[in-house]
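Sending over a structure as structure tokens; questions will come in a sec.
The values are calculated or read from the model by the stated rules, or taken from the named source; none is laboratory data. If you're wondering where the values come from, they're calculated on a predicted model, not measured in any experiment. Backbone-built Cβ (ideal geometry, glycine too); neighbour counts: all protein chains shown. Note: areas computed on protein heavy atoms with side chains; ligands, DNA, RNA excluded. Shrake-Rupley method; radii C 1.70, N 1.55, O 1.52, S 1.80 Å.
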Amino acid sequence: MGCDGGTIPKRHELVKGPKKVEKVDKDAELVAQWNYCTLSQEILRRPIVACELGRLYNKDAVIEFLLDKSAEKALGKATSHIKSIKNVTELKLSDNPAWEGEKGNTKGDKHDDLQRARFICPVVGLEMNGRHRFCFLRGCGCVFSERALKEIKAEVCHTCGAAFQEDDVIVLNGTKRDVEELKARMEERRLRAKLEKKTKKPKGAECVSKAGAAEECPGPSKVKPGRTEESGPDPKEKPASAPRNAAANGSAASGKVGKAAAGAPKRSIADSEESEAYKSLFTTHSSAKRSKEESAHWVTHTSYCF
């Protein structure tokens, strides 16, 4: 079949072999990693942030993603590890004075140097174009080249002077091996933070329970040696004297005696030095104590019963 009109098919048209692997241009890949946002695929513009895996983002794109986590905006593994704005760090970048940007080639008659970067290392002066390894500190967000970190060994940041540890150094746009190491460190860091939160919560609950128990069941009050308890009577204080004229002011006398009895220890009225008329008001007086014969029967005796 075929071959009408004298056409002769060639071998590669009849025999289909394995597809060739498409090779990605390294220069184009570096330009995409260092000049475009990983999430929105737009040109990087300040404020620029980086995640714990060393990828670069626009801060407004990260905020929009956190507010609207739809399937259209999520790009697979690129943002699956970003749970809140605390998982990214805002970068402090140093501008490259030799970079002209879009102003240099407005007419289109000049050659665009793709290796010319917008930012440089403030210590060594290397351009941040992907040819050299760059890193940032998770604590302060300062960015500098890895060569500066190796040549000038210090425990403080080269630009702002903030202290850092080896765990705080994160490589920007690293290799697969670097990403795996950073991912392991990120998971370990987050697990450690969860354990610290769990250990802090029981301690706070114990303190609250102890405080509540102390309020409900207070122990014996501690009295200083130089002071006496307020509740106990003072031996030096004189007992309040009751009024002499009980017949005239009976109600006022009973009120004053009641107040005095509340603060002073009880004493028998028979032993007091009051008058007999005043003592007869109380049930402990001899006039109030009658014999069974003198006391009336409980049945009421009236005249019409007889």
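Taking the condition closer than 30 Å to SER80 by Cβ and at pLDDT 85 or above, does CYS140 pass? First the steps, then the outcome.
Values: closer than 30 Å to SER80 by Cβ: yes; at pLDDT 85 or above: yes.
Taking the combined requirement at face value, the residue satisfies it.
Restricting attention to strands (runs of 3 or more DSSP E) lying wholly within region 8-97, give those where 3 or more residues are hydrophobic (A, V, I, L, M, F, W, C) and either modelled with pLDDT under 90 or open to solvent by less than 100 Å² (accessible area, probe 1.4 Å) (or both). Spell out how you get there, then give the answer.
Details: elements: 48-51, 56-58, 88-90.
Those strands (runs of 3 or more DSSP E) span 48-51.
Sticking with this one: Determine which member of the set GLY108, GLY130 is at pLDDT below 90, small (Gly, Ala, Ser) and surrounded by fewer than 19 Cβ atoms within 10 Å (Cβ to Cβ). First the steps, then the outcome.
Values: GLY130 fails: surrounded by fewer than 19 Cβ atoms within 10 Å (Cβ to Cβ).
GLY108 is the lone residue from the list that is at pLDDT below 90, small (Gly, Ala, Ser) and surrounded by fewer than 19 Cβ atoms within 10 Å (Cβ to Cβ).
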